[in-house]
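Just below is one structure, and these are the notes that go with it.
The numbers here are math on the coordinates, done by the rules we state, and not lab data. Model, not experiment: these values are computed from the prediction. Cβ sites come from the backbone with ideal geometry, for glycine too, and all protein chains shown count toward neighbours.
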Amino acid sequence: MGKLKVWSKKLNDEIELKKEEIFKRDYKFFKIDRLERINERIDIFSDDCEQCQNFKKEAEDIVSKLPAYINGTPGMRGEYEKRTEKIVKHLKHKHGLVPEQYYSSIWSFTGLLSGTLIFGFTAYLINNGFLKWGLFLGFTIGIIAGRIYGNRKDKFKQNSDLIL
């Protein structure tokens, strides 16, 4: 049986109440739904991690000032971003959590680069006239292969419940 997550439920209910004070576009832009998932992760890991226990107070403070942060000055918005990013950084490095589509993005870019370089170089060695087609083919195959491999890694993380 899993943990009850009473603390995070209470905090996320408080966010729900403050939702009306925040513009919808700002709600999406500042990823308030991610803040809710962060609260759940802190609640889960706080039993074993002292730093996550300390982040509980930080998260409570962020939620209590949420409308002021989002609707406030650019300085306040920046402070909100810094505080949440500090928590996210800890969750990534200490607990191995990653954002959605993290590996798909990384491996797509890696596949694009490596495919373009490999196929382009091969086409150049065969015949300079094939360079354009070699680059195009390498770009296409590389990005497809990278995307497939990245999606597999993302699904593994999602099945392991390690998505932030």
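Ignoring everything except DSSP H segments at least 4 long, calculate the 222 nm mean residue ellipticity for the chain; use -39,500 (n - 2.57) per segment, divide by total residues, nearest 500.
Estimated from H runs of four or more residues: -26500 deg cm²/dmol.
Using the Cα atoms of the range 102-159, I'd like the radius of gyration and the largest Cα-Cα distance, Dmax, both in angstrom.
Expressed in Å, the Cα Rg and Dmax of the range 102-159 come to 13.3, 46.
Would you work out the relative contact order for the chain, in percent, from Cα pairs under 8 angstrom that are 6 or more residues apart?
So the answer I get is 20 percent.
Return the subset of LYS56/LYS153; LYS28/LYS65; LYS31/LYS153 for which the Cα-Cα distance in this structure is over 19 Å, preserving the input order.
Exceeds cut-off: LYS56/LYS153; LYS31/LYS153.
Compute the length gained on full extension between VAL6 and GLU79: take 0.36 nm times their separation in residues and subtract their Cα-Cα distance, giving the result in nm to one decimal.
23.6 nm
Kindly express, to the nearest 10 degrees and within the range 0 to 90, the angle between helix 6-18's C-alpha long axis and the longest C-alpha principal axis of the chain.
90 degrees
To the nearest 0.05, how large is the calculated FRET efficiency for GLU16 and ILE148 if R₀ is 41 Å and r is the Cβ-Cβ distance?
So the FRET efficiency works out to roughly 0.60.
Using only the alpha carbons of the range 1-144, what is the convex hull's orientation-averaged projected area in square nanometres?
Convex hull of Cα atoms, orientation-averaged projection: 12.6 nm².
For the range 6-95, what is the relative contact order in percent, using Cα pairs closer than 8 Å and at least 6 residues apart in sequence?
Once normalised by length, the contact order is 29 percent.
Compute the helix-to-body angle for 32-45: its Cα long axis versus the longest principal axis of the chain, expressed 0 to 90° and rounded to tens.
Taking the Cα atoms of the chain, the angle to 32-45 is about 80 degrees.
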